[in-house]
Amino acid sequence: MQARILIVDDDHDILSALKKRLIWMGHEVLTAENGEQALRLATEEAPDLMLLDIELPVLSGLDILKQLAEKRSGIPPQIVPEVIVITAFGTIDRAVEAIRLGACDFLTKPFEPDHLSIVIEKVMAQMALTRQIGLLQAEVGGRYEHVVGKDSRMVELLDTARRVAGTSATVLLLGETGTGKEVIARALHRWSPRVTKPFVVVNCAALPESLLENELFGHEKGAYTGAVRREPGKIESAEGGTVFLDEIGDMPAGLQTRLLRLLQDQEFYRVGGVQSIRTNVRFVAATNKDLKEAIQEGQFRQDLFYRLNVISLTLPPLRKRPDDLSALVDHFIRRHGAAMSRRPFTVSQDALELICEYHWPGNVRELENVLVRAIALCPDDCIESEHLGITVQRRLPVEANFAEDDSLNYHAVMEHYSRKVIEEGLRRSGWNQTKAAELLGLQRTYLTRLIRQRGVSAKPPSV
Ligand SMILES: Nc1ncnc2c1ncn2[C@@H]1O[C@H](COP(=O)(O)OP(=O)(O)OP(=O)(O)O)[C@@H](O)[C@H]1O
Ligand SMILES: [Mg+2]
């Protein structure tokens, strides 16, 4: 990998020898003979790496390191190069001091060219890794970072989430698939004092029992064949942070017992371990299963349910959040429009109406996918209904809300509805029975018979 390297040394001979060597290694080289020049080039030329002689006149190598550290932690923080310091033989104390001030490694003069290559490669590999982690975090976090919630039920839910985020209470997130449970779990972590510590996801449905146990609790060396060394589990690696137990409704029975014990005692054993480990993590669990039903069917421990259910938040399905729809549409077309084609998109009135009418069984995730597809298919900047690839199943007017004391006599209830439907069919078709039969999906003769049987008036009511 080629790097841009700034060499800082007041000794001409060393400077030119190092320069030659680094150019030969394929790097781009900048040079500075004093501290001031070095600091200027470090900001103006944005090198990846600085090879810094610690013995410089006026501004010493350690002074330069101090100033770079200030820039790095300033507000706003500046990107400064990683530093490898070059020290004279026998000045190990200064090398230690340099590392303390933020240098990532040191070389002692005189050094072999091979040693120089190894140190540079090691630092470069470390930098590539850090950059990659940053990109991945931005990618993963970005998807969940922005919480849209304008609908009154969501506003209330987010308000509660913000209040409980500060506590360490266990939170259970319920709701259909794609409603945003993981979005809220990550927000709970972001809004909590644990934000600087890890947020670790454990998918309880993804692994068979023994692997999941290992993933959660880790193992001791020799716990089973192949356990060649001690490995921490996800709970240990989340220390101080949040563990998100996703799909908790699918957790195997044996592990439910172990988890219950962990939640009660804040202690656990690694697989094959004899010493308990205390832990300080916050648990957030989520499922789209009906846990009460799972308890009845003997698939989920009731006592675990009560432990998890300290605070429970139920994400409403998208079809019950009409006021979130346009805000989510805006959010997704802005985000994906910019990422996919770097131009702004709009949504036509027709398309928006279709979006509002559709019942969204896959909830926010489905809406997001539909819009990503529409952006890809849309030839210009306006998304039309045909780009959405959804069709509306006209809503059936059967959302019956039964009161406790309503009669539930099947035939009586059905007859009542039948009469209502026929009356509505006739009204809509201007009391033309042929048209009404078509609208109702019935044979004309059968409709006439029903009208007679049910005693429905075949004429408009007189005013
Ligand atoms: N309130 C929201 N604001 C912005 N984006 C959201 C919101 N809710 C969900 N999303 C988007 O929808 C996608 C699905 O959300 P999430 O993964 O949190 O759903 P889930 O409830 O965990 O679903 P499942 O039960 O299938 O795991 C996310 O990638 C996110 O982009
Ligand atoms: Mg999820």
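Name the single residue, out of those in segment 247-268 being small (Gly, Ala, Ser) and away from ligand 1 (no atom under 16 Å from the Cβ), that is farthest from Lys292 (Cα to Cα). Per the stated criteria, the residue is Gly254. Residues in segment 131-164 that are under 21 Å from Val200 (Cβ atoms), of a type outside the set (A, V, I, L, M) and surrounded by 11 or more Cβ atoms within 10 Å (Cβ to Cβ): Gly141, Gly142, Arg143, Tyr144, Glu145. Filter the helices (runs of 4 or more DSSP H) completely within segment 150-224 down to those with at least 1 residues that are away from ligand 1 (no atom under 16 Å from the Cβ) and polar (S, T, N, Q). Answer list for segment 150-224: 209-217.
Residues that are basic (Lys, Arg) and more than 20 Å from Leu207 (Cα to Cα) within segment 232-282 comprise Arg261, Arg278, Arg282, listed in sequence order. The number of residues in segment 225-246 being more than 16 Å from ligand 1 (Cβ to nearest atom), assigned to a strand (DSSP E or B) and not acidic (Asp, Glu) comes to 1. For Cys378, the conditions (1) out of contact with any His (no Cβ under 8 Å at 6 or more places or on another chain); (2) surrounded by 10 or more Cβ atoms within 10 Å (Cβ to Cβ); (3) touching a residue at least 24 places away in the same chain (Cβ under 8 Å) all hold with the exception of (1).
For the residues Val195, Val148, the requirement of being farther than 19 Å from Thr287 by Cβ, among the hydrophobic types (A, V, I, L, M, F, W, C) and not assigned by TED's automatic domain parsing to the domain that holds Phe300 singles out Val148. Assess whether Ala327 counts as being over 30 Å from Arg444 (Cα atoms), loosely packed, with under 15 Cβ neighbours inside 10 Å and away from ligand 2 (no atom under 16 Å from the Cβ). Spelling it out, it is not the case that Ala327 is over 30 Å from Arg444 (Cα atoms), loosely packed, with under 15 Cβ neighbours inside 10 Å and away from ligand 2 (no atom under 16 Å from the Cβ).
Here Phe89 passes the criteria (1) more than 28 Å from Met25 (Cα to Cα); (2) loosely packed, with under 13 Cβ neighbours inside 10 Å except the one numbered (1). Tallying residues that are more than 9 Å from ligand 2 (Cβ to nearest atom), buried (at least 22 other Cβ atoms within 10 Å of the Cβ) and closer than 13 Å to Arg282 by Cα within segment 166-185 yields 2.
Within segment 16-54, being farther than 19 Å from Leu65 by Cα and touching a residue at least 12 places away in the same chain (Cβ under 8 Å) holds for Leu18, Lys19, Arg21, Leu22, Met25, Gly26, His27, Glu28, Val29. Pairing each residue of segment 328-352 that is touching a residue at least 24 places away in the same chain (Cβ under 8 Å) with any residue that is surrounded by 16 or more Cβ atoms within 10 Å (Cβ to Cβ) and polar (S, T, N, Q), provided the two are 6+ apart or on different chains, yields C-beta distances under 6 Å for Asp350/Ser385; Ala351/Ser385. Among residues of segment 90-109 that are at negative phi and in the same structural domain as Leu52 (by TED's automatic domain parsing), those with a Cβ under 6 angstrom from a residue that is crowded, with 18+ Cβ neighbours inside 10 Å and of a type in the set (Ser, Thr, Tyr), sequence gap 6+ or separate chain, pair up as Arg94/Thr87; Ala95/Thr87; Phe106/Thr87; Thr108/Thr87.
The set of residues in segment 275-289 being in contact (Cβ under 8 Å) with a residue 40 or more places away in the chain and more than 16 Å from ligand 2 (Cβ to nearest atom) consists of Ile277, Thr279, Asn280, Val281, Arg282. The numbered conditions (1) within 20 Å of Arg143 (Cα to Cα); (2) part of a helix (DSSP H, G or I) are all true for Pro344 except (2). I'm trying to understand the selection: among the residues of segment 398-410, which are modelled with pLDDT under 70 and not charged (D, E, K, R)? Within segment 398-410, Val398, Ala400 meet the criteria.
Condition check ((1) within 16 Å of ligand 1 (Cβ to nearest atom); (2) surrounded by 13 or more Cβ atoms within 10 Å (Cβ to Cβ)) across all residues:
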position: Arg282; (1), (2): no, yes
position: Gly298; (1), (2): no, no
position: Asn309; (1), (2): no, yes
position: Ser312; (1), (2): yes, yes
position: Leu315; (1), (2): yes, yes
position: Asp323; (1), (2): yes, yes
position: His331; (1), (2): yes, yes
position: Ala339; (1), (2): yes, no
position: Leu352; (1), (2): no, yes
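Phe305 passes every criterion in (1) modelled with pLDDT under 95; (2) assigned by TED's automatic domain parsing to the domain that holds Lys197 apart from (1). Residues considered: Arg100, Arg94. Of these, the only one that is charged (D, E, K, R), surrounded by fewer than 12 Cβ atoms within 10 Å (Cβ to Cβ) and more than 30 Å from Arg321 (Cα to Cα) is Arg100.
The values are calculated or read from the model by the stated rules, or taken from the named source; none is laboratory data. Keep in mind that this is a model prediction, so the values were computed, not measured. Counting neighbours? That spans all protein chains shown, and the Cβs are built from the backbone with ideal geometry, glycine included.
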